[in-house]
1. Around SER180, under 14 Å between beta carbons, what's the net of Lys plus Arg minus Asp minus Glu among the other residues?
2. Hey, which lysines would be in cross-link range of LYS102, C-alpha to C-alpha under 29 Å, not counting anything within fewer than 8 residues on its own chain?
3. Counting Lys and Arg as +1 and Asp and Glu as -1, what is the net charge of the other residues whose Cβ lies under 15 Å from the Cβ of SER239?
4. How big is region 41-304 by the Kirkwood estimate over distinct Cα pairs, in Å?
5. Using alpha-carbon positions, what is the distance between the centroids of region 88-121 and region 243-269, in Å?
6. Arrange the following residues from fewest to most other Cβ atoms within 10 Å of their Cβ: TYR231, TYR272.
7. Counting other C-beta atoms within 10 Å, which of SER287, SER113, SER84, SER46 has the fewest, and how do the rest follow?
8. What percent of all Cα-Cα pairs in region 182-290 falls into each 10 Å bin, going from 0 up to the bin containing the maximum distance?
Amino acid sequence: MWRFMSIQNRNELLCTVNRISCVINRKGCYRHLSRTSVLSVTDNTSIIQQLQKVEGGKIKLEKFDDSKIAVLTIDNERIRNALSGSMMVQLRDAINQLEEWKEGKGVILIGASSTFCSGADLNLAKQFNSPEHGEAMCELMQTTLTRLKRLPMISLAVIEGKALGGGAELTTACDFRLISKNAEIRFVHVKRGVTPGWGGGSRLVNIVGRRMALRLLAGSIKITAKDALQYGLADDIISSDQVTLHAGMNWLKKIIDGPVNSIRGIKQIVTYADDLGTDQALQFERSVFTTVWGAPALMESLETKKKY
């Protein structure tokens, strides 16, 4: 294969291999990759301070030393667990803590009050309505969710109620998805006149394939639990007689039933193999999102208060 490649392609391949080798051989390499190779917006104090002013709800992090499982709960019941600006910062901070938890084997992402997440708080969309604001928020969430995906712990999204828009994107940042019988996943971005901007579009392609991703994103198709299982977007369905979090805990425990170092090592190996093109894909997704954020279609949908 090498002798049929152009000089330029050979050089690009060598640069990639050298860059990967450099990262792999560096002590603490995994943490280094997850923190620095995606984006730098987490160091942007200004946007963090602005987002923190848009208050409401909370991200709750609990770590259980006996099971080695952490639980991240999205809690903003008043607006169906939509993420406020302060919650976005709290989610970033929770991932910081998980990166430092060396004994962890698994993490569960779940919504409070029997629903998962309905995306971003609409008040945030109204206040941060310039392309520059959209790009900064997009970078923060892409970085945070990519770091979640790259954690050396196996992650599970436990989906109850609705996962809409950005909430649907959140589910794609986890390794597995467990869905309740009556739950719904829907990428409603096109109905708002925007595109996915938190990395969910790129990740969805990897999960369900190109053609199905186009159908789900462009068609804004309502995805039932049975559909999600058929499309490969869910790994199992929770029966109606099970408590959702308990079901998620029991399901994940079967996957992580091994020594801490082995489970964490396996997750790192799979992540490196899976992520070689992620940074470039996220950069492109961000550039597209920036062109539609704050545009008339979004503002019109906010004014008419459309519900889905």
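Every read-out reported here was derived from the displayed coordinates using simple, explicitly stated rules and does not represent laboratory data. In this text, all values refer to a predicted model and were calculated from it rather than measured experimentally. Cβ atoms come from the backbone with ideal geometry, glycine included; neighbour counts cover every protein chain shown.
1. On the way: positive: LYS162, ARG177, LYS181, LYS226; negative: GLU160, GLU184, ASP227, ASP235, ASP236, ASP241.
Its environment carries a net charge of -2.
2. Those lysines meeting the cut-off are LYS27, LYS58, LYS60, LYS63, LYS68, LYS149, LYS253, LYS254, LYS267.
3. After counting each charged neighbour, the total is -2.
4. 18.3
5. If you average the Cα positions of each part, the centres end up 16 Å apart.
6. Details: TYR231 19, TYR272 16.
Listing TYR231, TYR272 from fewest to most nearby Cβ atoms yields TYR272, TYR231.
7. Neighbour counts put them in this order, fewest first: SER46, SER287, SER113, SER84.
8. Bin by bin from 0 Å, the calculated values are 12, 33, 34, 19, 2.
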